[in-house]
Amino acid sequence: MQIANQIKKLRAESGMSQDELAERIFVSRQTVSNWENEKTYPDIKSLLLMSEVFNTSLDTLIKGDLSEMKRQIDKQEFTRFTRDSYILAALMLLMILAPIPLAHFFGLWGFAAYLPIIAATMLAAIRIEKYKKKYDIQTFREISAFIDGKSLSEIEKAREEGKRPYQKVLAAVISAAIAAAFCALMAFIFSRLR
């Protein structure tokens with residue numbers, strides 16, 4: 001990372017020790033040492049404070065590290081996408097399994113306890129859809145490539161875009177069938193409770 005060398009160089013030019021720099025930007029000396037030894041990367045707040053302390057532009061401070069910063073940001077986005085995908089899967093499973101026990105043990109009050117599960121599942125689904133829009137990933141193959149940290153070639157991307165209209169119709173039909181089955185199941189459960 002070029003920023004490690006930049007921090008060392010600018011700190012030496014300013015005649016500051018790691019302790020003095022750490023005190024001025026409100027971090028520990030160990031944090032500054034980690035930055036200079038390429039163990040960690042400074043956050044944006046620390047970068048802004050260092051640019052003020054060293055009286056230099058942010059561009060000069062991070063020169064050469066823009067690609068590394070982009071890679072780190074993409075890695076964080078991928079981690080969030082993966083975590084949110086697992087959360088959505090768990091909530092969907094809970095949404096499928098929870099109604100019968102809730103209705104059995106709590107009657108109609110079980111339905112009230114079920115509403116937050118539905119709301120949380122919808123929020124998780126909305127988050128996943130935002131990722132999919134941001135990275136233009138819609139089909140299974142595009143999502144798989146994204147999870148593997150790869151991207152499809154232009155020809156593969158065009159093929160996948162051609163599949164999207166058919167997949168959307170199929171997804172709508174499957175969703176309608178699942179919703180109908182779910183409604184029938186809920187109607188059966190509530191008819192048994194009376």
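The values are calculated or read from the model by the stated rules, or taken from the named source; none is laboratory data. The structure displayed is predicted, hence computed values, not measured ones. Methodologically, a virtual Cβ is constructed for each residue, glycine included, from the backbone with ideal geometry; neighbour enumeration extends over all protein chains shown.
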Checklist outcome for this item: Going through region 6-17 in order, the residues found to be assigned to a helix (DSSP H, G or I) and surrounded by fewer than 13 Cβ atoms within 10 Å (Cβ to Cβ) are Lys9, Ala12, Glu13
Item to check | Exclusive hit being assigned to a helix (DSSP H, G or I) and surrounded by 15 or more Cβ atoms within 10 Å (Cβ to Cβ), set Ile96, Ile137, Ile143, Ile126 | outcome: Ile143
Item to check | Flag if Glu156 is of a type outside the set (A, V, I, L, M), surrounded by 11 or more Cβ atoms within 10 Å (Cβ to Cβ) and touching a Ser or Thr at 6+ places or on another chain (Cβ under 8 Å) | outcome: no
Checklist outcome for this item: Subset of region 83-119, residues more than 31 Å from the chain's Cα centre (by Cα) and of a type in the set (Phe, Trp, Tyr), comes to Phe105, Phe106, Trp109
Checklist outcome for this item: Pairing a residue in region 1-23 that is in contact (Cβ under 8 Å) with a residue 60 or more places away in the chain with any residue that is small (Gly, Ala, Ser), where Cβ atoms lie under 7 Å and the two sit 6 or more apart in sequence or on different chains, gives Gln2/Gly64
Checklist entry - Only one of Ile3, Ile73, Ile25 is under 29 Å from the mean Cα position of the chain (by Cα), β-branched (Val, Ile, Thr), farther than 30 Å from Arg127 by Cβ and at pLDDT below 90; which? => result Ile3
Item to check | Residue satisfying all of: in region 99-112; touching a helix residue (DSSP H, G or I) at 6+ places or on another chain (Cβ under 6 Å) and of a type in the set (Gly, Ala, Ser); surrounded by the fewest Cβ atoms within 10 Å (Cβ to Cβ) among these | outcome: Gly107
Item to check | Those residues of region 18-47 which are more than 15 Å from Ala4 (Cα to Cα) and either touching a Gly at 6+ places or on another chain (Cβ under 9 Å) or surrounded by fewer than 17 Cβ atoms within 10 Å (Cβ to Cβ) (or both), in sequence order | outcome: Asp19, Glu20, Glu23, Arg24, Phe26, Ser28, Lys45
